[in-house]
Amino acid sequence: ISQVLTNFIMNSLLHAYDEGEAGTLRIQISVNGHRLHLVYSDDGKGMSEADRKKVFEPFFTTRRGTGGTGLGMHIVYNLVKSEDGGQISVHSAPGEGVRFELDLPVGEEPAVPVESVKN
């Protein structure tokens, strides 16, 4: 979760606002049973539909040549999807900011009993 949030925040700081422009970042978390629902949003520039469709692709960046590798959101996608049953979606439009919604399993029994794990 910390890596996911770090990448969201860095993405907002690099892409959502012009230099010196103030903005609002929001993180909302709720837990329902064994599911964690996390919503991250900013009120920045938003994304075009074409960019939104590619945001999780490896090496996709709108900042090529200025330090962007295009791996941040791809890493986020893989971290979320690597969790059994983890889901992520992105909602955005130009001028309307961005909202990422994550749904992750939490607090479930491990797939392998702890007693059977040996070093």
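The values are calculated or read from the model by the stated rules, or taken from the named source; none is laboratory data. Owing to the predicted nature of the structure, the values given are computational and were not obtained by experimental measurement. A quick note on method: Cβ atoms are made from the backbone with ideal geometry, for glycine too, and the neighbour counts reach across all protein chains shown. SASA here: full protein model, heavy atoms, side chains in, ligands and nucleic acids out. Shrake-Rupley method; radii C 1.70, N 1.55, O 1.52, S 1.80 Å.
Just to be sure I understand, how many residues within the range 1-30 are touching a Gly at 6+ places or on another chain (Cβ under 8 Å) and of a type in the set (A, V, I, L, M, F, W, C)?
Total satisfying the criteria: 3.
Of all residues in the range 1-50, how many are in a strand (DSSP E or B), in contact (Cβ under 8 Å) with a residue 40 or more places away in the chain and farther than 16 Å from H91 by Cβ?
Residues flagged as in a strand (DSSP E or B), in contact (Cβ under 8 Å) with a residue 40 or more places away in the chain and farther than 16 Å from H91 by Cβ within the range 1-50 amount to 3.
Here is a list: H34, H15. Which entry is at pLDDT below 95 and over 16 Å from the mean Cα position of the chain (by Cα)?
H34
So which of D18, D43, D51 ends up being open to solvent by less than 80 Å² (accessible area, probe 1.4 Å) and of a type in the set (D, E)?
Unique residue meeting the criteria: D51.
Going by the structure shown, is L13 surrounded by 14 or more Cβ atoms within 10 Å (Cβ to Cβ) and either of a type in the set (A, V, I, L, M, F, W, C) or in contact with a Leu (Cβ under 7 Å, 6 or more places away or on another chain) (or both)?
no
Could you tell me which residue of the range 69-106 is nearest to the chain's Cα centre (by Cα), considering only residues that are among the β-branched types (V, I, T) and open to solvent by 30 Å² or more (accessible area, probe 1.4 Å)?
Going through the qualifying residues, I end up with I75.
Which of (1) out of contact with any helix residue (DSSP H, G or I) (no Cβ under 8 Å at 6 or more places or on another chain); (2) surrounded by 14 or more Cβ atoms within 10 Å (Cβ to Cβ) is the odd one out, the single condition T62 does not satisfy?
All conditions pass for T62, except number (1).
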